[in-house]
Every structure is written in C-alpha cells, then in structure tokens.
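Colleague: One structure coming up, written as structure tokens, with questions to follow.
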Amino acid sequence: MPFINEIIRHRSLSIVGLEKNTGKTVCLNYILRRLNEIGFPCAVTSIGVDGEQVDAVYGSAKPEVTLYDGTVFITSEKHYASRRVVSEILSVDPRRTSLGRLVTGRVLCGGKVLLSGAASTGVLRQQMRQFRERGVPLSIIDGALSRLSLASPTVTESMVLATGAAVSTNISQLISRTRFACRMIDLDEVDADLQQKLSDIGQGLWAVDVDGVVHDLHINSVFLLDKNKGDLFAYGTTIFAAGAVSDRLLKFLASQKNISEMHLIARDFTKFFVSPEVYSDYIRKGGHISVLQRSKLVAVTLNPTSPQGFKLHSEEACQRLSEALGLPVYDVMKV
C-alpha cells in the first residue's frame, strides 16, 4: 500500500500535476480506493473541474472520480445534479460559481461523480476547516491543469506530485523538469522565530538585519527594483519576498558582488516563477534560498502515456526518476 500510510498522518492532501494529463485523477482514484479498503474516512473536492469522461483539450477518454460510502464531497450544483451516487446534502454555500452554488454532500451509496470546486485557495481553506468541524480526519484536493498554488503549505499539509509523458516524452527532459520541481518543494525552512515574524506580511520586499529585526523596504514589487536598487540592501543581505519570486529578482541578486552573502526568503515553493537556469546560476554563485513553510511531498507518481498516445517504458521511467529524485516513484496503474 505505497504512500497511503504517510498520507493518513496528515490532515490534508493536494494532488497536483506538472502538466495536464499527468494522471492526477487516476492517482486520486487509487488513494480513495485504498482509504476505503482500510476504512479511513475522507473528504474530497477539486480546484477546477475533475472527473470528466472526455478530455476537453485532447478529446481522449478520462477516468471518472469514484467515491465510496461515507465520503464527504463538494461539487457545484450543476455537477451535483448529474452525480451517479446516492448522497445526502449537508450544506449549500450561498456564494455562486459559474456552475452554480457549491454543494457539500455525503455519499450513501458509492458511484461516479464530477468534481468542480472553488476557484480560490481562500475558499478551499474554509472548506477544509468545515470538513474538520464535521469530524473528517483527511481532506483531499484534486488539482486542475498545473495549478500548484493549492499545494502551498498554507492550504494543504502534504502533497502528491504527478508527472509523466505529458511533461516530456524525452526521459532526460522529464527527469530534469521533475527534479527541479522536487528541488523547489524541498527548499529549507527558516527557523520558527523568523517564520513568526514574517508570516503575516502580505506583499512587497522586506529586509531582516543581523539582529533579526524586520524592515519594510517600501518596494511593493520586483518590477520596481530598478528605481530602488540602492534601498534593497540598506539593512543587510537577507531579503524576504512576500509575493512572487521571478527570474528578474534572482538575476538582480546574482549580479551583486556580495552574492555569497545573499539569503532570499520566499513564502513557499509555489511563489517561485523561475527557470532552472536562472535558479542554478544564483545557487552556483553562492546565493542562498529558503522558505517560511516547507511542503511535505509524500509521493511522486508517473503516467507513462502522453495525450498523443506515446508511451514511456513504465518500469524504466520510474526507476530512472526514482534514482534522480532520491525517492520512490509509482505508476499507480501498477500498484
């Protein structure tokens, strides 16, 4: 029962993919089936739409989401009406989405369902609090497209990363892209004291001096760096970026003569929008990077088939990825 024992140690789990068609729904169905087999209750929803029978982009067949007796789930009014499960309504959220209000239900007799959930991580956090208040020990969020934001540790405690031939049919490129994603997920976490000082800061660039005092640099965006270059290091070389971290910021820091003293702190790995080349150049020159909260990656899964029908050799791809990442990689169709 690979990685299930690790999942149930956490209160929440996100399933995210590096690309569309990397097997998130197959992974979700595997997890739900295994949890049902051991009698572990859970709640499930989606950010976006998951469980559709036909892929909206490629027109290929897709697996539906199978829910079991006792599972709590959230979906839109439209898709709740078309469900193929017997369920009871627990609540209806008055806020409207493009597919109607969000309905919370409990499965009475298992079957298939189309999941379409909240579009924002803020609503997802509220929903998970509601799940816990109902006594559900584990909340699962299924991703849509390549939305990594829901894998933020501010949203879910743990995550499963889905990769595969949809990312690249070249095994070397697949390894490279997956390894970089895992490297960002595994960034070091700052100490608890600094975490507490910075956690409530919402935007802009901030500095932390040698005494641990936090200073507002009054630079609201990395796009304003050119006008404020002289102010960035007024309090030292430890910088906290409360928002997104881009190639622009890393290139600027890497160009400094004292790059080996640079310590960039981001909120979590989902805030990085950087290329592997720029990141590697920053690290190679001696720069340091850490995050306020580190994500717990419990598993990497592989879909060896691309949307165009090209198939990687599953066992070889899993083995090579596992060796490169230093952790197990599973083809959930074969476990």
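Colleague: Taking only the C-alpha atoms, wrap a convex hull around region 70-208 and report its volume per residue in Å³ as a whole number.
Modeller: Looking at region 70-208, the number lands at 173 Å³ per residue.
Colleague: Specify the residue with the greatest mean-square fluctuation among 324, 43, 181, computed from a Gaussian network of the chain linking alpha-carbon atoms under 10 Å apart.
Modeller: It is 324.
Colleague: For region 192-291, give the magnitude of the charge dipole about the Cα centre (Cβ charges: +1 Lys/Arg, -1 Asp/Glu; no others), in debye to the nearest 20.
Modeller: 300 debye
Colleague: All other residues with a Cβ under 14 Å from the Cβ of residue 77 taken together, and with Lys, Arg as +1 and Asp, Glu as -1, what is their net charge?
Modeller: Numbers: positive: 78, 83, 95, 96, 101; negative: 93.
Net of charged neighbours comes to +4.
Colleague: Related question: Which cross-chain or sequence-distant (5 or more) residues have an amide H under 5 Å from the amide H of residue 12, H modelled 1.01 Å from N in plane?
Modeller: Sorted by chain and number, the residues that satisfy this are 139, 157, 158.
Colleague: Which far-off residues, 5 or more places away or on another chain, put their amide H under 5 Å from the one on residue 42, with H placed in the peptide plane?
Modeller: Excluding prolines and chain starts, which carry no amide H, the hits are 72.
Colleague: Using the Karplus equation 6.51 cos²θ - 1.76 cosθ + 1.60 (θ = phi - 60°), what ³J(HN,Hα) coupling, rounded to whole Hz, does each residue of region 167-176 give in order, writing x for Gly and Pro?
Modeller: 6, 6, 8, 8, 4, 5, 5, 4, 4, 4
Colleague: Obtain the radius of gyration and the Kirkwood radius of region 212-335 from its C-alpha atoms and give Rg over Rh.
Modeller: 1.12
Colleague: Would you tally the net charge around residue 86, using a Cβ to Cβ cut-off of less than 11 Å, leaving residue 86 out, and scoring K and R as +1, D and E as -1?
Modeller: Details: positive: 83, 84, 106; negative: 69, 88.
Net of charged neighbours comes to +1.
Colleague: Could you calculate the FRET efficiency of residue 119 with residue 33 from 1/(1 + (r/R0)^6), where r is the beta carbon distance between them and R0 is 25 Å, rounded to 0.05?
Modeller: 0.35
Colleague: Can I ask one more? Subtracting the Cα-Cα distance from 0.36 nm times the residue separation, let me have the gained length for residue 193 to residue 11 in nm, one decimal.
Modeller: 63.1 nm
Colleague: At 1.306 mPa s and 10 °C, plugging the Kirkwood radius over alpha-carbon pairs of the chain into Stokes-Einstein gives what diffusion coefficient in µm²/s?
Modeller: Numbers: Rh = 21.3 Å.
Value of D from the Cα-based Kirkwood radius: 75 µm²/s.
Colleague: So for the chain, averaging the separation of alpha carbon pairs under 8 Å that are six or more residues apart and normalising by length, what relative contact order in percent results?
Modeller: 20 percent
Colleague: For an R0 of 30 angstrom, estimate the FRET efficiency from the Cβ-Cβ distance between residue 77 and residue 203 and round to the nearest 0.05. Don't skip to the end; give the middle numbers.
Modeller: On the way: r = 35 Å, r/R0 = 1.16.
For residue 77 and residue 203, the calculated efficiency is 0.30.
Colleague: At 7 Å along Cα-to-Cβ for each site, give me the label-to-label distance between residue 316 and residue 134 in nm.
Modeller: 4.6 nm
Colleague: Between residue 99 and residue 225, 0.36 nm times their residue separation minus their Cα-Cα distance comes to what?
Modeller: Gain on stretching residue 99 to residue 225: 41.2 nm.
Colleague: Around residue 108, what is the net charge, scoring Lys/Arg as +1 and Asp/Glu as -1 over all other residues with Cβ under 12 Å from its Cβ?
Modeller: Summing Lys and Arg as +1 and Asp and Glu as -1 gives 0.
Colleague: Would you grab the residues whose amide H sits under 5 Å from the one on residue 91? Only those 5+ places off in sequence or on another chain, please, with H modelled 1.01 Å from N.
Modeller: Distant-sequence amide H within range of residue 91: 104.
Colleague: With N set to the residue count of region 152-250, report its C-alpha Rg divided by 2.2 N^0.38 Å to two decimal places.
Modeller: 1.36
Colleague: Quick check: pseudo-label points 7 Å beyond the Cα along Cα→Cβ at residue 179 and residue 211, how many nm apart are they?
Modeller: In this crude spin-label approximation the distance works out to 4.5 nm.
Colleague: Taking θ = phi - 60°, what integer Hz values does the Karplus form 6.51 cos²θ - 1.76 cosθ + 1.60 yield along region 128-136, in sequence order, with x for Gly and Pro?
Modeller: Couplings: 5, 5, 5, 4, 5, 5, 7, x, 7 Hz.
Where a number appears in this text, it was derived from the coordinates with a stated rule and is not lab data. Fair warning: this is a prediction, and the values are worked out from it, not measured in the lab. Every residue, glycine as well, gets a Cβ built from its backbone with ideal geometry; the counts of neighbours run over all protein chains shown.
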